[in-house]
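**Student:** Quick one: this structure, given as structure tokens, is what I'll be asking you about.
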Amino acid sequence: ANPLVTRAATETPETDATTTPASAISPVSGPEGFDIIIEGARAIDPESGFDFRGVNIGITGSTITKISFDEIEPSQDTTIIDATGLVASPGFVDILSYNPNSYGSWYKIADGVTTNLAMHGGAKYPRSWYSRYTKARPPVNFGAGYFYNSARLGLGIGPYKKATPAQIEQLTEKARAGLRAGALGIGMSIEYAPAMSYAEITAMGRVAAETGVPVFFHLRHSDMELPGTNTDAVVEVIKMALETGAAIHIDHLNSTGGTFSIEDSLAIIETAIEAGVDITACTYPYPFWATYLNSARFAKGWQKKFRIGYSDLQLGGTTEMLTPDSFKKYQQLGKLAVAYAIPEEEVAFALRSPRVMLGSDGMLSSSLNHHPRAAGAYARTLGHYVREKKTLSLIEALRKMTIMPVKRLEARSPALALKGRLQVGKDADIVLFNPETVIDKATVEKPNQYSTGIEYVIVNGQIAKDPKGLKMKVRAGKAIRSEIE
């Protein structure tokens, strides 16, 4: 009999854990014993539904080697972590981030993120991208998509210019090469290149379908003003998926494709799933978005589109609300501004949807001209939306942070298939947090504030954060690549 299930009646279950696979809890240890033992945690594995208190976890090297209610015998050199009152979860997988840097990556660690995937933006040259970040040794696991917009611009195709058939063929070959070099998918930001044609989108869809990776879309529209609405934008990429067989992912549905239409947009997505489309989406847990003032999003007419004015824009990293004059000044400088333009109830609706996972859409840099989501998205979800507002359950929130993003990309990435699971044999990427205190601290005015309540963060078996602080010398992140012939 399964050793945990047979003892379950004497333990404290938090949910029905009747589907727990043997692989999640098999008490098998490595030949050298345990390097780290976590004692007395409430352990949650969102994939299996396993959720029990009083669980002990053994780590050998970079691997989880034992999960048991029984005491795990340490050796002389074993590090013991007392996890009484803490939740042990798979490390969080940020599916919608940007390139890791030596500053912002530590804010990810402090927010519980152990795997940072640059699927918004990403790599123009994936081979050199992976080489660069492997040498940089970030504290988080790292991967990237192939960034179509950057490749497009590299051929001299500006945002208001259509690609010719010959250029589309060039871009198709570049995308294939990028995926063979390890890119995890294809990223297309249509709103930032308004002239991007449907022919370009379908060309990338065909490449994605033949290689088995998804296309990540920042959709064409982020409003409900004619001509061209959120729902039109959702339908456009679904149409492409139906025609090509590509899997698709919609970036930050709360701010692009869903603002003022989240229920309708998700209903369209649900209908597409019923028709056989492989489609997912993500959201971030804030009622305001941010982007650069010199982007196409702030082209003429933005006030009507987003139902806001200059006074609804705040310069990132400051307390300054914009005026017509300061808007022009900062637009010329390419500064980032926060726009208070997302209804709070739509954020909650997106978070409750079983089709929507979490993605921060942020990576902090030392300039601090940023949205607080870069430092606080995960702790905010757990503290504000789970504990305080009870918008969703703890295990459902963790599912959106761990196994959902992994399943979106793991088919072509064996390295990613070892993430997002608190199971024996999987990578020891583990977050220990206090569910009663976890909360974000980052604000628009001061985005460089570490989340609190995230007590321990373990990356590939190495402790990158403990209650005393960040371990800046621990840089255990590994590359997360696709493997495509």
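**Student:** Would you tally the net charge around R373, using a Cβ to Cβ cut-off of less than 12 Å, leaving R373 out, and scoring K and R as +1, D and E as -1? Don't skip to the answer; put the middle values down first.
**Tutor:** Values: positive: K108, R380; negative: D94, D111, D361, D440.
Neighbour charge sum, excluding R373 itself: -2.
**Student:** Counting only C-alpha contacts under 8 Å and six or more residues apart, can you give the relative contact order of the chain as a whole percent? List each step's numbers first, then the result.
**Tutor:** Numbers: 1228 pairs, mean separation 95.2, N = 485.
That works out to 20 percent.
**Student:** In Å, what Rg and Dmax follow from the Cα atoms of the stretch 289-341?
**Tutor:** Over the stretch 289-341's Cα set, Rg and Dmax evaluate to 9.6, 26 Å.
**Student:** Further question on the same structure: Amide H to amide H, which residues 5 or more places from D35 or on other chains are under 5 Å from it, using H placed in the peptide plane?
**Tutor:** So D35 has HN proximity to I59, T60, G61.
**Student:** Oh, and also: How far apart, in nanometres, would the label points at Y340 and R307 be if each is projected 7 angstrom from Cα along the Cα-to-Cβ direction?
**Tutor:** 1.5
**Student:** Among DSSP bridges having both ends in the stretch 50-192, what percentage is antiparallel? Round to the nearest 5. Present the calculation step by step, with values, prior to reporting the outcome.
**Tutor:** Details: 5 of 15 bridges.
Around 35 percent of the beta bridges assigned by DSSP in the stretch 50-192 are antiparallel ones.
**Student:** Here's a follow-up. Run through the DSSP bridge list for the chain and note the antiparallel percent, rounded to the nearest 5.
**Tutor:** For the chain, the DSSP antiparallel bridge percentage is about 55.
**Student:** Straight-line reach from K446: which aspartates and glutamates have a Cα under 17 Å away, not including same-chain ones fewer than 8 places off?
**Tutor:** The qualifying aspartates and glutamates are D111, E320.
**Student:** From the phi of every residue in the stretch 435-449, what ³J(HN,Hα) in whole Hz does the Karplus formula 6.51 cos²θ - 1.76 cosθ + 1.60 yield, where θ is phi - 60° and glycine or proline is x?
**Tutor:** After applying 6.51 cos²θ - 1.76 cosθ + 1.60, I find x, 8, 10, 4, 6, 7, 10, 5, 10, 4, 5, 9, x, 9, 10 Hz.
**Student:** Give me the net charge of L470's neighbourhood, meaning all other residues with Cβ under 13 Å from the Cβ of L470; Lys, Arg count +1, Asp, Glu -1.
**Tutor:** Numbers: positive: K108, K465, K468, K471, K473, R475; negative: D111, E455, D466.
Result for the local shell: +3.
Bear in mind that the values in this text are calculations on the coordinates, not laboratory data. These figures come from a predicted structure and were not determined experimentally. No Cβ is skipped: glycine too gets one built from the backbone with ideal geometry, and neighbour counts run over all protein chains shown.
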